[in-house]
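A short reminder: the numbers here are calculations on the coordinates, not readings from a lab. Small disclaimer: the values here were computed from a predicted structure and weren't measured. Note that we place each Cβ from the backbone using ideal geometry, even for glycine, and neighbour counts take in every protein chain shown.
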Amino acid sequence: MELSDQANKPFFSGTIMQVIIKYRKHLFYIGIIAIIAAIVFSSPFFIKPMYKSTVILYPTASNSISKALLSDNRGNTKDILEFGEDEQTEQMLQVLNSNKIRDRIIDKYKLLDHYNIKEDSKYKMTSLFNQYEDNFTFRRTEYMAVKISVYDEDPQLAADMANDVGELVDSTINTMQKEIARKAFRIVEKEYLSLKREVEAKEDSLTILRELGVHDYESQSEMFNRQLAIEMAQGNNSGVKRLEQKLETLAKYGGPYVSIRDALEHDKKLLSELKAKYEEAKVDATENLPHKFVVSSAYKAERKSYPIRWLIVVITLFSALFLALLIFGLIEVFSDNLLIVSKKKRDEPGPLSAFIALLKSEKQVQIDTIEAKKALEVKVEETVVSNEKKEVENKETEIKQRDNFITQMENYFKSANLINVIDKWKIHLLVIVLIAALGAAIFSGPAFITPLFKSYAVAYPANVEPYSEESETEQMLQILNSQDIKDSIIQKFNLPKHYEIDTNYKYFKTVLLYEYNQNVSISKTPYESVQIEVLDKDPDTAALMVGAILDFYNRKVAYLHKSKYREVIDMYELQLDLKRNTLDSLKNLMIDLGTKHGIIQYESQSQEIMRGYLKTVYGNNSSQINNKEVERLFTSMQNYGGQLVEIVKMIENEAISYVNTKQDYELTWRFINSNLTYANVITSPFPADKKTYPVRWLVVVVVSLAAFILATLVIFIVESRKRRE
């Protein structure tokens, strides 16, 4: 095998076997020690055994009892027995990760004592939450179910906590939904009772009109006109006079009667629909519905799940052998003791020396080439033009540059050179690293860097609809990042003073907003919820700022909605005034037609007038017909009958339109007067007991490593200059 073929391989053939054979005893003892250490340190004395219990749930597809059980529009509702999809699974995962469930489990099982966290510990809550997150895991399975896993030293306690977490899903979701459902129920209840009172008032008005003699406008007008024709035919003037009085009453109160009757009919239909909504809202506010299907409940584990001792032993053994083999191999490489080609060529150099020799041979070839070119230049000097000489000189310069590059590469490829330099300057490097670490530890302390505490909240949008193609979550993100909310937070907490920013500074506003954006982060989670994070030097202020952001978000959305509703209110008020005036005008016209022209009801009156006009009343007894009155009514009907029909139809249409507009008007006022919230808070903010920034150990490590690399680079430059001199 050629040397170049050997050099192209990262691990030369036979190299590993040479190291293994040479250091076989060392590797054997290292393996035995690793096995024994792994067995000892994975025992219960060092690692407490943990038992795992698991609960598997499916979310339900429907979250509303009324829509699932009471709604007539069943085609658009999901079956109560149907499994949930991606959206419901993600929502359940977010609820499981909320502090509402976490805090209840911590309180019920006294996990602070159970995890042996001292009450007077400075970071007791942070340690408790970290321990909880390590022992409680929630994930989505490949079958779209939710898997709850709980680890604990006590197998029975692990099973009990896993089952309780699964049970708390229902109560947590119901608690959040009931908060909104009760507000919605109060709104619907107010509207329902208000409409019910209006219906009762209209019924009382109809009762008064009936006491005045208006019982059924159409049938009464038809009957009175028929009887009037009979009395006229019989010449009964007293009867005609009584009927005319009744007709005048009917003409005076007939319009209001028709208007109130039609409105009452419409209101009763609306009341029936609103009562159904009232019953649905009442069910949602008072009853509970399970939100999960339990596929597998947790049980007491018989065998520990952690640690897996055989796996620890195997990994420790292989890791120890690999590390030892790597160290022994590096020792052999640097000492050039490895055999590259065969056992016969023991005196040949190691792989690194062979690679360097290969570079040198290439360099020698290039030198020979230069000399040949120089000889050629001498021979053709008399015949070669000056331009060709310059070209040769350029080539010579290029070859020299390549020569220098190869020399540099040769030096860089000498790993032993690096080791030697580090060994030579080891005291200096150690001092530099220690000084850097000490400086990083000092300058990352509270005296130089103000520690920041983090508080956060997780919420879902509620009672909102997207304005365009964005989702409700994206809309919530946009509103939370609005300038109005930023300004409100800045003003409420006096952030210029809190952040110690001079208000007279030229770029005060820019600096203030920069600090705000650095400390306040609002983002979307993988579960389509929104997470609000606030960093501050005071943990209580951080928690209060998160709560204030949510509060200002509710106010902002309420303002946006109510400002538009007020525009709608103004429009409806104008429409109602116009329709009310129109109805009053139509009623006055109808009264005028009845009192001045005797026209009350077109169909029945026209039928009786035609009988009198054609003298077909009671066997054509024309001698008793009041021809003069018939002629007068006939003329009035000809002139004003069409107007009467038009007015009656317009009153009916305007009454229905007025009621519909009034309904929308009252519905809009209902939303304006309501006190809705627009966020379902899954995780509420709380004051942190441990700082989040800076992470001092990370600062020390990064600074120390950077100082080491920089110092090594400087030392290499110094050594290179010394060698050139």
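Please report VAL659, VAL431, VAL95 as a ranked list, fewest other C-beta atoms within 10 angstrom at the top and most at the bottom.
Fewest-to-most ranking of VAL659, VAL431, VAL95: VAL431, VAL659, VAL95.
So how do ASP423, ASP540 line up by other beta-carbon neighbours within 10 Å, fewest first?
ASP423, ASP540
Do any chymotrypsin sites (Phe, Trp or Tyr not before Pro) in segment 462-545 lie in a loop, going by DSSP, with at most 13 other beta-carbon atoms within 10 Å of their beta carbon, and if so which?
Counting only loop positions with at most 13 other Cβ atoms within 10 Å, the chymotrypsin sites (Phe, Trp or Tyr not before Pro) in segment 462-545 are TYR467, TYR505, TYR507.
Sort MET161, MET650 so the one with the fewest other Cβ atoms within 10 Å of its own Cβ comes first.
MET650, MET161
Quick check: convex hull of the Cα atoms in segment 158-201, volume per residue, rounded to a whole Å³?
Cα-based convex hull of segment 158-201, divided per residue, equals 47 Å³.
Charges at C-beta only: +1 for Lys and Arg, -1 for Asp and Glu. How large is the resulting dipole of segment 102-175 about its Cα centre, in Debye rounded to 20?
My answer is approximately 280 debye.
Given the pairs LYS537/LYS691; LYS147/LYS292; LYS196/LYS662; LYS252/LYS587; LYS269/LYS579; LYS282/LYS662, which span a C-alpha to C-alpha distance of over 18 angstrom in this model?
Going by Cα-Cα distance, LYS269/LYS579; LYS282/LYS662 fall outside the 18 Å limit.
Looking at this model, which pairs from LYS454/LYS486; LYS25/LYS426; LYS122/LYS556; LYS509/LYS564 are more than 28 angstrom apart at the alpha-carbon?
LYS25/LYS426; LYS122/LYS556; LYS509/LYS564
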